[in-house]
Each structure stands twice: as C-alpha cells, then as structure tokens.
Amino acid sequence: MAPPSTTETWPDASPRTLRWQASDTDGDPLTYQLSYSSDNGLTWLPIALDLTATEYTLNPARIEGGAQVYLRVRASDGFHTASAEVGPLTVQQRPAIAPDPSPIDLGFATAGDTAGKAVALRNSGSGYLRVESIESSNTRFRPLPNALPLVIAAGETAHIPVSYSPTTVGADTATLTVRSNAVGQETFTFTIRASSVDGRQPRLETDLAALAFRPLLVGSSARATLSVLNPALVDLTASWSLQGQGFRLQGPSQATIAARAEALLTVVFEPTAAGPFNGALTLTSNDPNRPTLTIPIRGTAYTADAQPQGPRINRGGVVDAAQFLPALSPGGIASLFGSELASSVVGASTVPLPTTLNGVRVLIHGIAAPLFFVAPGQINFQVPFEVPPGITAEAVVERDGVPSPAETVSVNEFAPAVFLNAATQEPIATRYPDNAVITSANPARPGDVLILYLTGVGGLTSRPTTGQATPGSPLPESRLPATVTLGGQPVTVLYAGLSPFFIGLAQLNLQLPASLPPGASCLCSSASALLKAGPFSFPSLSMHPSPLSFRSPPPRSTSARSPSASQRSAPSPSPTLERLRSRSPPSRRPTRASPPRPASPSPSRPAPRANSSSPSSPPPPPPKPELSPSAPMTPPRRSSPSPCSALAPPR
C-alpha cells in the first residue's frame, strides 16, 4: 500500500492519492473498503466502500487528524478478506467557524410565549470542528443544541435551535459565545436579535415564505395551500390579493382569524402557455408591526412534446427502511419510493455520505439528506439530525434541479423499527459473543445476550454528525431508557443506541431472563412483546406473527455461522495484499459485534458468513415493493433489507 509512508506528515488539506496492490489466487474480482483511525488503531471509521479500483484520492479535510492516524485497506472476494495498514501519519488540520450573517434575526415573538429559529454553524476549515459550549449573554435567548460536544465535519453545517422567551414588549438582542477547537477562533461571538410584541395585538404570520409549483402541462392545473397564522391573544383581520398571470385565488379573499388560530388560502396555478410564471400574494392585516406581507409565487409550464422527466414520490412512499412504517426519526435510515427519481442506480462510495448523488437530492423539511443510494424507483437516505421531531415534514426529491411534488411524513423523536431477515422475515438478532444469527433452527436460549438491529431510536446522549459513521467512543445511547418485556417478564436491556461505525443503524443489546414463560416468543410475539422508551411505547416490534420459538431448542451448533459442508470442502483461497509495512499492528480494543448479512447471496458465489466480524461489500437489497400512487401505503409483507443492504444500491 503506497503512498503514504510511515511517519509522513500532511501539513495541509490538499488531496492525497492512495494506491495499493492486491491479488486473488483463483482470479475472483476483489472489492475494497478504505477506513482510517485517528487514535492509533483503537477505533476505525470508513472512508469509502465497495471500491473496485486500486487507488483512491482522499481529502484529508474530511477525516479526523492528529499524530496517530492510520489508514487501512480491506480486500474481499465475497467470502475471504485481507487487509493492509500504514501509519502512524500526522495530519494537520485547521477547523474554522462560519456562522450565518450577523446579526441573525429570529423574527417576532409574543411576550410571555416562546419562539425560536435554527442558527447555522458551518465548518469552513479542515478536520472536525468540536463545539464544546454555546452560551448566551441574554437569558431570554437560549441555545438548544441536541448534544454537546457538537461535532461538525469540514464543509458541513449544523443547525442549532435558539429559543426566544420574551417577558416584555420591544426589540431584544443577545451575544452568543461559541467555544470550540477552531484554530484562532477558540472563542467566537456573534449577535442575534428578535422583537417581542404585545399578545393583545394581532399578529400576522405564514407557514411558508414562498410558494413554488412543480412543472405543469399547459392546460392542466395544480393547487397549493398556505396557512395564515395568528399566534396572538386577540383576533386578526386579514385580506389578500394575488398578482401574476396564470395564478388565481380559490375561496374568500378575507377572513377574521381567531386568537391562536389559522386560515388556509388556496392558490391555483393554471398555465395557458409554456414557460416560467411569477406572481405574488399580498396579505394585508391589522397587525401593527407587520401590516403587509408579500409571498412570492413561481411555476413553470411545458407542452406535451417537451414534457420534462420530473421525479414523483408515491403517496405514502416516505417510510423507514426497516419495516416501511410511515414515521421517521431524526438520524434514522429511511426509504423513499416513487418514479423517475433518478436516471440510474448509483450508490454512495464515500463517508460522509453525499447529499447529492447522480444529480439527485432529497430534502426533508428543507434540509438536504445524506444519500445511501438512488435508483429510478427508490432512494435510501438518512434523516438529518437537524430535522425537528414532532412535526409533519415535507419530503421533496430534486433531480437535475427539477423538484418533485412534496409528500408529507411524520417525524417523531422515537420511531423504532426492527430490520428483518431478507429470507425469513424474522427480526435480525444475533447472539453475543459468537455473532450467530438467531433463527427458528438456531433459537435463543434463556440467559442469552442478543443484539437486535433497528433504526429510529430517537433522542441520543450524544449525536454524530449527519451523514457520518457513528464513532466508537462515546457511544450515542438512547436518551430515554428502553424497556423490553417478554410474556410480561422484563428483559434486561444492556445497551440501546447507535451501532458504532455504521450510519443511522441502531442496536438493542438484550439479556433474556434465566427462565422464559411457557410458549414465549423472541421479542415480537403479537401478545407479549413491547418496547418502551420513557413514556413512549412501540408495538411495531409485534408485527411478525410467527416469531422465533424458544421451545425444544436443538443442540448447540456453529453450523449457522458458516457455509455448508459442500461449500467448505474447497474454499476459495484468501486474497492477499502486498504490504509496505511488515510489523504487526498495535494491540487493538475488541471490536463490537457486526451486523449479520442475511440477504440472499448470488447463486454463483458462496453465501457470506453470518458472523463475519467485518462485512465486506454490502449485499444487494431484495426486490422493492410496488407502491400505488393513488392509495396510502401498507407495509408490504416481503423481504426487508438487512442493516447492511439498507445502505447499498440494488444490483
């Protein structure tokens, strides 16, 4: 593996090309995974997956630097793996803070109420920006980061909610002080401002700052709804008018909006010719602080012979990637189904995950989501941690700049969904420490420690950067304690949180009781299993009607962990990598058990081992469901992706 050489120093963030050599004695094609460690090999994070070339251009600004950086290449022929490492390297970096333009205006709030807005902090330097604290000079302004320290990768932006709770009427300002590892900006300040108004005065607000229609065929029409809000304690009298050819208002042109209520306005787009259309909706009210408000409107029309291939999301087609339930959680893995979503199948090969892939973006509540893969009918993505829970969010797909119509989906703080075995539809559970997959043929036993894989665990004690792999330390655990019962009997939860070195994947480490209720079933009996986190309970674990039985277990066997005897009789030789460094790697901390690989193997290759401690290239997901665009989606009874295949494009 070359370059770099041992003890090399990288003084800047210039791209570096890594090259390696590998061979397989029986000529099998090899794929490679590139990863790095910044702590002398204690923990490893992926840089690129599913590589087929024997070189890779690395941007050092996107990894964590220091004087103990190692690089590792792992080769796989689909069954065996081999690896090579170089290091220690010294990677010098300069993280920097670039906030929103100062001063940041939070808008209006009613005295005695609380309002808020997200403030953006961008890492404009190299390496990881670690924000240790955010303090306000004014107690009425309160920064509410999800967790501290807040880690922001180079070039990435974190959105920090700031609440404003005024007690008197008038203009207000505060200075936010950010303490971080930014070079030369260890203590950074910027100004925020807001205005408090009398709750006894009417207030005019809207839920959208602009209306944008999807491209329409000439002669057709579309409707968009705008909410006019009155958060004050007295009635608001408002009227509205619309300017611009091709647009018209539907319904009354004025209303009296009661205190803390809203009125819905419907705008219709009816183009009679091809081309762009622009208009404006003007609202006039008795709000003394904002008597008028203008909302821009735009749309585009085309003729039948020039119809664009715009993306469309199926109705009810934004779901979690495990059980296809129509609820998401910040940081979880999700799937989106539709048509014309992408021109071809393209999977992400780098970490952090990109937010644009093959010209495709997914916006959740206006925030670009990291993409695992895009395909014409399906996109798998991570829900950004910055999406606030407790809302109905709009999902939009942009393909080459053309947006889809928005589809709504619920975003909850907790929305757990268990990944199912692609072949058996049983929940993916492995036994610790041998990582054997629990099946009806290899059931769990009383006292076993099991690992269950899921997504949507919600609020965390620490939060990884959106699109980044979960670090090995500190482990982000669920903020509220999780409880699991089996036949009414408590199951000990040893850990509930994100899985290290994966993106968006979570796991539950459970210890079964020493004695099990008669006829009890593993975790998902429709009558007996329930997962709880604080006041929240989730019967989604109960969806499988034929759970794993604990009765009459067969003798212990390792056969479930390895290929059949016929496959083992003449295994393919392991691939070899030519190393430039012959010394043994330093002592490593034991690695957490990796998720199993239950997806159906290619018929021409041996099945991957279920207990592989370091899975090679993820298997392809099973066939995708056909979701009707005219009916709400029902979670299909079909193979679900495994924790690995949920991240990979279909082949």
Computed ³J(HN,Hα) along region 246-263: with the Karplus parameters 6.51/-1.76/1.60, θ = phi - 60°, integer Hz and x for glycine or proline, the list is x, 10, 8, 8, 10, x, x, 9, 7, 6, 9, 9, 5, 4, 6, 10, 8, 10
Got a sec? What order do Asp26, Asp320, Asp305 fall in by accessible area at 1.4 Å, biggest, i.e. largest, first? Asp305, Asp26, Asp320
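What is the diffusion coefficient of region 13-79 in µm²/s, taking the Kirkwood radius over Cα pairs and the Stokes-Einstein relation at 4 °C with a viscosity of 1.567 mPa s?
On the way: Rh = 12.9 Å.
Here the translational diffusion coefficient equals 101 µm²/s.
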For a quick protection proxy, order the peptides 508-515, 168-175 by their average other-Cβ count within 10 Å, most packed first. 508-515, 168-175
Tell me which residues come under 5 Å, amide H to amide H, from Thr237 once H is placed; ignore anything under 5 positions away on its chain. Ile257, Asn286
Just the Kirkwood number for region 229-369, please: inverse of mean 1/r across all distinct Cα pairs, in Å, one decimal. 19.2 Å
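Given a 1.4 angstrom probe, what's the average accessible area per residue across region 322-426, in square angstrom? Don't jump to the answer; show the numbers that get you there.
Numbers: 2990 Å² over 105 residues.
Here the per-residue accessible area is 29 Å².
Using a 1.4 angstrom probe on heavy atoms only, work out the carbon and sulfur share of the accessible area of region 273-408 in %.
Details: 2470 of 4920 Å².
Using a 1.4 Å probe with all protein chains present, region 273-408 comes out at 50 percent carbon and sulfur.
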May I ask you to evaluate 6.51 cos²θ - 1.76 cosθ + 1.60, the Karplus curve with θ = phi - 60°, for each residue of region 202-218 and list the ³J(HN,Hα) values in order in whole Hz, giving x for glycine and proline? x, 9, 10, 9, 10, 7, 10, 8, 7, 10, 10, 8, 5, x, 10, 6, 4
Report the accessible area of His365, computed with a 1.4 Å probe over the heavy atoms of all protein chains in place, in Å² rounded to the nearest 10. 90 Å²
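Please get the size of the charge dipole for region 141-271, origin at its Cα centre, with Cβ charges of +1 on Lys and Arg and -1 on Asp and Glu, quoted in debye to the nearest 20. Working shown, then result.
Working: 9 positive and 9 negative charges, 16 e Å.
Dipole size: approximately 80 debye.
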If packing is taken as the average number of other Cβ atoms within 10 Å across a peptide's residues, how do 202-213, 38-49 rank, most packed first? 38-49, 202-213
Run the quick spin-label model on Val402 and Glu132: label points 7 Å from Cα toward the beta carbon, then report their separation in nm to one decimal. 5.1 nm
Proportion of all alpha-carbon pairs of region 25-141 beyond 18 Å (%): 66 percent
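What is the percent carbon and sulfur in the accessible area of region 43-169, measuring with a 1.4 Å probe over the protein chains and ignoring ligands?
On the way: 2380 of 4940 Å².
The nonpolar share, carbon plus sulfur, comes to 48 percent.
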Amide H contacts under 5 Å for Leu450, restricted to residues at least 5 apart in sequence or on another chain and with H modeled in the peptide plane, are Tyr432, Leu510, Gln511, Leu512
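Of the heavy-atom accessible surface of region 173-271 (probe 1.4 angstrom), what whole percent is carbon and sulfur? Walk me through the numbers on the way to the answer.
Working: 2150 of 4590 Å².
Of the solvent-accessible surface of region 173-271, carbon and sulfur hold 47 percent.
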Output wanted: per-residue J couplings in Hz (rounded whole) for region 311-317, from phi through Karplus 6.51 cos²θ - 1.76 cosθ + 1.60, θ = phi - 60°, x for Gly and Pro. x, 9, 9, 5, 5, x, x
Once all protein chains are kept in place, Thr52 shows an accessible area at probe 1.4 Å, nearest 10 Å², of 110 Å²
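Compute the projected area of the convex hull of the Cα atoms of region 109-164, averaged over all viewing directions, and report it in nm² to one decimal place.
Values: hull surface 16.4 nm².
Averaged projected hull area, Cα only: 4.1 nm².
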Place +1 on the Cβ of every Lys and Arg and -1 on the Cβ of every Asp and Glu in region 336-414, take the dipole about the Cα centre, and give the residue among Thr355, Gly338, Val409 whose Cα lies farthest towards its positive end. Thr355
So the FRET efficiency between Gln243 and Thr52, C-beta based with R0 = 51 Å and rounded to 0.05, is 0.35
Expressed to two decimals, region 290-414 has a Cα Rg over Rh, using the Kirkwood radius, of 1.01
Surface per residue (accessible, 1.4 Å probe) for region 105-171, Å²: 43 Å²
Heavy atoms of Glu55 accessible to a 1.4 Å probe, total area in Å² rounded to 10: 90 Å²
Once amide hydrogens are built 1.01 Å from N within the peptide plane, the residues lying 5 or more places from Gly116 or on another chain with amide H under 5 Å from its amide H are Tyr164
Kirkwood hydrodynamic radius over Cα pairs of region 288-329, then Stokes diffusion coefficient at 20 °C and 1.002 mPa s, in µm²/s: 140 µm²/s
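The values are calculated or read from the model by the stated rules, or taken from the named source; none is laboratory data. As the structure is a prediction and not an experimental result, all values here were calculated from the model. Every residue, glycine among them, receives a Cβ derived from its backbone with ideal geometry; neighbour counts consider all protein chains shown. Heads up: the accessible areas ignore ligands, DNA and RNA and are worked out on the full protein's heavy atoms, side chains in. Shrake-Rupley method; radii C 1.70, N 1.55, O 1.52, S 1.80 Å.
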